[in-house]
1. Quick one: in segment 96-116, of everything that is within 15 Å of the chain's Cα centre (by Cα) and hydrophobic (A, V, I, L, M, F, W, C), which residue is farthest from residue 46 (Cα to Cα)?
2. Cβ-Cβ distance below 6 Å, separation of 6 or more or different chains: which pairs start in segment 74-90 with a residue that is in the same structural domain as residue 116 (by TED's automatic domain parsing) and end on one that is assigned to a loop (DSSP other than H, G, I, E, B) and modelled with pLDDT of 90 or more?
3. Could you check, for segment 19-29, whether at least one of its residues is assigned to a loop (DSSP other than H, G, I, E, B) and modelled with pLDDT under 50?
4. For segment 81-92, which residues satisfy the criterion of being surrounded by fewer than 21 Cβ atoms within 10 Å (Cβ to Cβ) and more than 29 Å from residue 197 (Cα to Cα)?
5. Name the residues in segment 95-129 that are over 21 Å from residue 68 (Cα atoms) and of a type in the set (A, V, I, L, M, F, W, C), would you?
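The values are calculated or read from the model by the stated rules, or taken from the named source; none is laboratory data. It should be emphasised that the depicted structure is a prediction, and the values quoted were computed from it without experimental measurement. Because the Cβ atoms are built from the backbone with ideal geometry, glycine has one as well, and the counts that use them run over all protein chains shown.
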Amino acid sequence: MEEGRGAARAVSRGGRATVSLLAIAVLTLAGCSAKRPAKPQAAAGAVTGVASWYGPGFHGKATTSGEIYDQEAMTAAHPTWPLGTRVRVTNLDNGRQTTVRINDRGPFVGGRAIDLSRAAARKLDMLGPGTCRVRLEPLVSPGTSLEVRFAVQVAAFDDESDARSFRRRLVARDDPKPGVYVVTADSPRGTVWRVRVGPFRERRDAEGAARDLSDDGGRPVVVEESVAAGGI
């Protein structure tokens, strides 16, 4: 968003410019505000649609992102927006708002735009009705957009040292890899450390890596991640 600029200038009889006290104050305030971190704002592409919610039947099961679904966390499923995207959701029937993080894919019912967690549905006062009309606004830092990337999750551990040790063993192998890294996520049983290979720009590349890794007897899973546009 373009900010207004400019300050009034008075010119003395001698031809030299002098700045008014008001202009000085304006410039000083502008300088102070420029130092504050920019707040996340709605990205282009806000949409309206119907929201539903999902809960007990999925609680404790893996989501598309690899996280364990917690119905009391502020998360949601969306068909296409990058995993990790934060979304402001407004119930158009009563004006209530909440913010969720996309960590799953869905809903898979025609005409629905988003599947909210039980906690998010409670915030919007839609538990009873089950659905409501909503406005969805993806939130990103100013000048930033998110893109989908893919990774292969090869293992998950309750202990961080076990995850780091497994990663080192995987890195030490001779076959080349794009990268091996550890990510953390909260689950109903506590923090989980996940070892992943990637990221990849294309799903087919991640699926190829998953096939190679499955030759070792493991059960690698392709997951989606979101990164700043232009990153890998």
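1. 116
2. 75/117
3. Yes: one or more hits.
4. Listed by number, the residues that qualify are 88, 90, 91, 92.
5. 109, 113, 124, 126, 127
Condition check ((1) in contact (Cβ under 8 Å) with a residue 12 or more places away in the chain; (2) under 15 Å from residue 223 (Cα atoms)) across all residues:
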{"site": "65", "(1), (2)": "yes, yes"}
{"site": "99", "(1), (2)": "yes, no"}
{"site": "108", "(1), (2)": "no, no"}
{"site": "135", "(1), (2)": "yes, no"}
{"site": "155", "(1), (2)": "yes, yes"}
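Yes/no per residue for (1) surrounded by 14 or more Cβ atoms within 10 Å (Cβ to Cβ); (2) modelled with pLDDT of 90 or more; (3) β-branched (Val, Ile, Thr):
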| residue | (1), (2), (3) |
| --- | --- |
| 37 | no, no, no |
| 40 | yes, no, no |
| 44 | no, no, no |
| 59 | yes, no, no |
| 72 | no, yes, no |
| 79 | no, no, no |
| 94 | no, yes, no |
| 107 | yes, no, no |
